[in-house]
Structures are given as structure tokens and as C-alpha cells.
Amino acid sequence: MYSTDEILETINMVSHQHLDVRTITLGVSLFDCITDSPKRTSDKIYDKLMKKAGNIVKVGNDIAGEIGVPIVNKRIAVTPVSLVSASSKGHLEIIKTLDKVADETGIDFLGGYSALVHKAMTPYEREFILSIPEALSTTNKICSSVNVATSKAGINMDAVKLMGRIVKDCAYLTRDKDSIACAKLVVFANAVEDNPFMAGAFLGSGEDDAVVNGTVTSLR
């Protein structure tokens, strides 16, 4: 399938030009996990993510070994949690579940503890956003994002003001860790419908039940 020159060129790029696959991100829809019970919702999320993504690290390593190119990061992105948890108000239960999944699968990051409030926010979405500092300061691999503006809807200034407080709280709660929680939080304007890139990753509502986002190679 490959000529000797192509094989040697690839080896040279990996060895001397630092060619790698930067990440593989598995997006998983959580819409079918929604219930009116925090525990049942969390249990369904755990079962689905472990079924869909339980072997993502092993598969990634197997592929890297097969093609001879390192795959640096393995990640999961989920449906924005504020949408999934609105019925049960179980976001704090869900964040524990997502953290458990991240640890058990061995992935590098899990994105989607997110809210889309570019026009306005419901009382529950405000409550959800207020939970972000706790969520990011008590977990290692969970990433969060909030979209506060779009060109079409304008700027939700209430959300902008609130996110200023959230960023400060994230920094303070992880002050002994170089305020790392801030590095896991993205405040968006014009967030795209589907985003596989950390720390602002989430699976958009127009996507399939599970999606492997395209790998990105980089020369550094």
C-alpha cells in the first residue's frame, strides 16, 4: 500500500518534525438519558458513556501503534449538561458521574458542562452556572463553557456580569493550583453549534448519537 519512500518520510516526520495526531474526541449525545430523577439521569449517563467510550483510550493507543503516529489526547464531549439536567435539577450529581467516567476511562478531558444563554437565562440555568466553580475546582478533567452572546441575539449582559464572578471564583478556589479551573472554562461569543475542541467542547443537538470528530495532525 505504501512505498518505501512514503514510509521513511513518515518516520522522519514523527522522529524529527514532531508529527502527531493531536487528539481524538468522541462526542456522545445524552438526550436519551434525561429523566426527572437526578440519580436515574446520572446512572443512565454513566452506563451510556461507559458503553460508548469505555475503550476509547485502548482503541486510540491501538490505532497509534498501527499507523505509527502518536495520538496525544483522547477526549469525550457530551450534550450541554444544562440541557440534560434541567428536568431533574441534578447537575451536581451529574458532575460527579462525569468525573467518575473520566477517571475510569483514562481520558485526558471531558467537555460539555456547558450552558447556552446568549439571549437570556432561565432561573435554573443561572443556578447551573453558579455551580461551575465547584464543578471545576473539585474535578481534574472536566471542562466547562458558557455562550453569552451571538451576532444575531446580541449580548446577554446579565450573563457577562455573572461570568465575571464565575471566573474570579474559579481562580480563587484553585489558587493553590495556579488557578487551573480558569484554564478549563471558556466564555463564548458566537459558539459554534458543535465543538470538539477543549476546553469549550460539547456535542451539538444536530449531531448523531455518537460521533468521532476528525483527528488533527500538527507539526510543531
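The values are calculated or read from the model by the stated rules, or taken from the named source; none is laboratory data. It should be emphasised that the depicted structure is a prediction, and the values quoted were computed from it without experimental measurement. Note that each Cβ is placed from the backbone with ideal geometry, even for glycine, and that neighbours are counted across all protein chains shown. In case anyone asks, the SASA skips ligands and DNA or RNA and just uses the protein heavy atoms, side chains included. Shrake-Rupley method; radii C 1.70, N 1.55, O 1.52, S 1.80 Å.
Structure data summary
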quantity: Within segment 107-116, considering residues that are within 18 Å of residue 45 (Cβ to Cβ) and open to solvent by less than 60 Å² (accessible area, probe 1.4 Å), the one nearest to the chain's Cα centre (by Cα); calculated: 111
quantity: Hey, residue 125 in a helix (DSSP H, G or I) and either β-branched (Val, Ile, Thr) or touching a strand residue (DSSP E or B) at 6+ places or on another chain (Cβ under 9 Å) (or both) or not; calculated: yes
quantity: Residue check for residue 161: free of Cβ contacts under 8 Å to residues at least 12 places away in the same chain, open to solvent by 90 Å² or more (accessible area, probe 1.4 Å) and farther than 27 Å from residue 71 by Cβ; calculated: yes
quantity: Options 100, 96, 119, 152; residue that is free of Cβ contacts under 8 Å to residues at least 24 places away in the same chain and open to solvent by 20 Å² or more (accessible area, probe 1.4 Å); calculated: 152
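Listed here are the residues, each with its yes/no results for (1) of a type in the set (Asp, Glu); (2) over 25 Å from residue 35 (Cα atoms).
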site	(1), (2)
80	no, no
91	no, no
113	no, no
134	yes, no
139	no, no
148	no, yes
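To keep it simple, each residue is scored yes or no on (1) assigned to a strand (DSSP E or B); (2) open to solvent by 70 Å² or more (accessible area, probe 1.4 Å); (3) of a type in the set (Ser, Thr, Tyr); (4) at pLDDT below 95.
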residue	(1), (2), (3), (4)
171	no, no, no, no
186	yes, no, no, no
191	no, no, no, yes
200	no, no, no, yes
204	no, no, no, yes
207	no, yes, no, yes
212	yes, yes, no, yes
215	no, yes, yes, yes
220	no, yes, no, yes
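Yes or no, residue by residue, for (1) touching a His at 6+ places or on another chain (Cβ under 6 Å); (2) within 21 Å of residue 204 (Cα to Cα); (3) among the polar types (S, T, N, Q):
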residue	(1), (2), (3)
110	no, yes, no
118	no, yes, no
133	no, no, no
153	yes, yes, no
177	no, no, no
